[in-house]
């Protein structure tokens with residue numbers, strides 16, 4: 001039971017991050033590596049603020065804003081300095097490592113026994129003590145649902161349509177007399193805002209910040225997006241954002257099952273990579289066939 | 001057709017997992033949760049202990065082996081009345097939580113967490129199920145919030161600290177190098193253990209007439225430049241138990257020896273590699289001490305939240321006389337009676 005709870009809790013936290021990766025990878029078609037830095041950025045800021053007694057919910061909002069800024073920087077580097085997409089992400093990610101260390105003040109900041117979104121006077125007064133084991137999952141579910149609904153609503157606005165247009169057909173945006181550059185910057189900012197928000201939640205969930213906690217975030221994010229969107233692409237009643245959430249939980253479940261089965265963690269990255277490649281290749285094959293059918 | 005693709009994907013994922021299952025980790029007896037429950041109902045004639053290790057590293061491996069030996073000395077022998085499940089996160093911060101919650105999910109009698117980030121992750125995961133956590137190789141349990149200022153645990157978690165004998169290290173360096181003024185220390189910015197150790201070095205150095213010059217790196221690739229920049233400023237180097245720096249020790253020794261600058265270490269493995277001397281702890285012994293603490297919890301003599309964390313008593317001095325001779329150093333009489341030769 002603990003394992004199942006753990007899968008859903010961590011899957012839901014990473015789902016928020018995966019929603020961000022969905023914006024860059026699927027909507028903008030921008031391979032954004034900033035996430036490996038913006039995920040711990042949210043965590044570092046959260047750890048600092050919580051240690052200083054700030055409200056844990058406010059910390060999450062500020063984490064989101066910090067991520068927004070980090071994403072905007074990647075966007076500015078790419079659009080204004082004409083640096084390639086992959087490189088601009090790498091530049092920001094590299095810089096963020098130092099920034100994160102400065103914000104947190106140390107490479108490891110524990111926040112045990114402090115108020116978090118999962119345990120504070122307000123939450124404890126709403127939920128009875130015997131339900132405490134299920135508080136994280138309930139709160140996370142609500143938070144993820146909120147993020148998803150807000151994102152769905154945003155994508156239906158004029159700005160959201162432009163965002164989707166930039167990824168699909170850059171020229172169209174230009175012919176509409178809109179600056180595709182600023183739309184890209186906005187998209188990257190929003191995406192990294194979500195990623196940093198997830199980092200802030202993760203920090204409060206695991207009760208500590210560790211500067212290396214962002215390593216491999218992009219892999220988890222891409223895996224979640226690819227698993228979700230490929231597995232459920234023909235299920236028309238599920239929105240793409242919903243499939244990403246399910247993808248994130250499925251990915252975490254795969255990892256947990258693999259560990260429980262006795263997979264040597266040494267081989268973990270190799271197995272992940274193979275799984276990753278297979279899904280990409282198969283997804284592509286499926287896509288090609290789809291095009292042929294329509295012809 | 002589309003359905004077939006989706007089906008293939010699902011099959012493939014299952015296959016990838018199955019392939020993983022075919023290669024169980026060494027030392028892992030992979031007990032299922034049902035086995036753990038059986039052991040509990042069987043009136044405690046068999047126990048399950050989960051070991052979660054942060055990284056693969058000589059000292060940490062010694063800790064783990066010492067821990068298993070400590071349990072054995074107290075009557076808990078693997079294969080007889082003890083099942084051990086061992087997982088290693090290979091220094092992957094994301095995998096840490098996953099391993100901690102997976103191990104807590106098998107409901108073992110006790111979790112042994114090796115190194116700070118793993119201790120924090122296990123405490124977090126096991127706290128919900130109230131499984132006792134015994135940690136080792138945590139440099140500063142107070143800073144890691146695993147214990148209060150009075151050394152008593154903050155929850156159902158206790159263990160041993162691998163705090164370096166900084167004062168003894170300074171004494172030894174002073175005895176071997178009476179003329180030296182500056183000590184250089186390389187460290188990794190991501191390792192909190194090194195930070196607290198350097199703070200102690202800086203606090204104590206003036207008492208022994210030393211000045212500390214530090215250089216922080218973010219990754220292994222930055223070490224060559226950092227060493228080149230540091231060497232002209234120092235009379236000797238002191239090497240902590242910083243994982244990234246230790247893994248590049250051969251290179252550091254090469255560069256330092258070329259300029260006739262001695263390098264001191266913090267454990268026996270480093271002296272074997274070519275450090276002139278090391279005032280350090282025996283990680284195997286530290287593991288044994290941790291195993292003895294775990295045995296008390298398993299026997300029900302006490303609980304983890306009632307035991308203060310422990311540090312190992314006394315440090316050992318290891319020297320590499322070959323390396324010393326190369327640099328024209330001699331061992332002072334005052335150290336000769338307690339020295340152990342560790343040349344490879």
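All of the numbers you see were taken from the coordinates with simple rules; none came from a lab. Note that the coordinates shown come from a computational prediction; the quantities given were computed from them, not determined experimentally. Every residue, glycine as well, gets a Cβ built from its backbone with ideal geometry; the counts of neighbours run over all protein chains shown.
Structure summary
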| item | result |
| --- | --- |
| For B:99-112, mean number of other protein chain Cβ atoms within 10 Å | 4 |
| Label-zone membership for segment A:99-116, site residue B:149, 7 angstrom Cα→C-beta point, backbone N under 20 Å | A:110-115 |
| Neighbour-count order for B:83, A:46, fewest beta carbons within 10 angstrom listed first | B:83, A:46 |
| Enclosed volume per residue, in Å³, of the convex hull spanned by Cα atoms of segment B:75-210 | 149 |
| 10 Å Cβ neighbours from other chains, averaged over peptide A:270-283 | 3 |
| Computed helical MRE - 222 nm, chain A, DSSP H runs ≥ 4 contributing -39500 (n - 2.57), nearest 500 | -25000 deg cm²/dmol |
| Rounded tilt (10° steps) of B:93-105 against the dominant C-alpha axis of chain B | 40 |
| Normalised contact order of segment A:2-214, rounded percent, pairs of Cα under 8 Å and 6 or more residues apart | 47 |
| Burial ordering of B:283, A:251, A:134, fewest other beta-carbon atoms within 10 Å first | A:134, B:283, A:251 |
| Histogram of C-alpha separations across chain B, 20 Å bin width, % | 29, 49, 20, 2, 0 |
| Between helix A:240-260 and chain A: long-axis angle, C-alpha atoms, 0 to 90°, nearest 10 | 60 |
| Helix-only CD estimate at 222 nm, as mean residue ellipticity for chain B, using -39500 (n - 2.57) per DSSP H run (n ≥ 4) | -13500 deg cm²/dmol |
| Kirkwood Rh, Cα atoms: Rg over Rh of chain A | 0.97 |
| Peptides A:5-15, B:228-238, A:56-66 ordered by average Cβ neighbours within 10 Å, highest first | A:5-15, A:56-66, B:228-238 |
| Principal axis dimensions, largest first and in whole angstrom, of the protein assembly as shown by Cα | 88, 64, 48 |
| Sequence-separation-based contact order of chain B, relative, with Cα cut under 8 Å and 6+ spacing, percent | 18 |
| Exposure proxy ranking, count of Cβ atoms within 10 Å, fewest first, for B:123, B:208, A:97 | B:208, A:97, B:123 |
| Helix B:249-258 axis, angle to chain B major axis (alpha carbon atoms, nearest 10°) | 10 |
